[in-house]
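**Student:** One structure is given below, represented as structure tokens, and several questions about it will come after.
What follows is calculated from the coordinates using simple rules that are stated; it is not laboratory data. None of these values were measured; they are calculated from a predicted model. With ideal geometry, Cβ positions are generated from the backbone for all residues, glycine too; neighbour counts draw on all protein chains shown.
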């Protein structure tokens, strides 16, 4: 049975997902629009901040030779996730996550299963550590 939509066809993008998303962010930058609001502190983060943070991380990772690798981020539910995801994907990287409330044992198990399930990571694997979004190792 053929199903036909009442809506027009959606054009297929010719750019990557992060490029498409960053282009959409650019449309909100000039208006200084809020992208995220912290539920605990009411602190607002603009699309401009997300955009520039993503490119800053992408530049840093590129300078460190990070390309097409897997990074793990462990942090609570914060706006920085968006910037980390975009920064990594701009370098062809993949973001894997671990809960900020995971025990050390759970983190070791998750890390071991990542090495086991992903071919070729053991030699070139890097660990991204972003405590309070202040530094990366």
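**Student:** Between residue 5 and residue 17, what is the label-point separation in nm under the 7 Å Cα-to-beta-carbon projection?
**Tutor:** Simple spin-label model gives 1.8 nm for this pair.
**Student:** Here's another thing I want to ask about it. Write down the radius of gyration of the range 1-81 and its Dmax, each obtained from C-alpha positions, in Å.
**Tutor:** Calculated on Cα positions, Rg and Dmax stand at 17.3, 53 Å.
**Student:** Say each of residue 68 and residue 101 gets a label point 7 Å from the Cα, pointing the same way as Cα to Cβ; how far apart are those two points in nm?
**Tutor:** Reported label-point gap for residue 68 and residue 101 is 3.9 nm.
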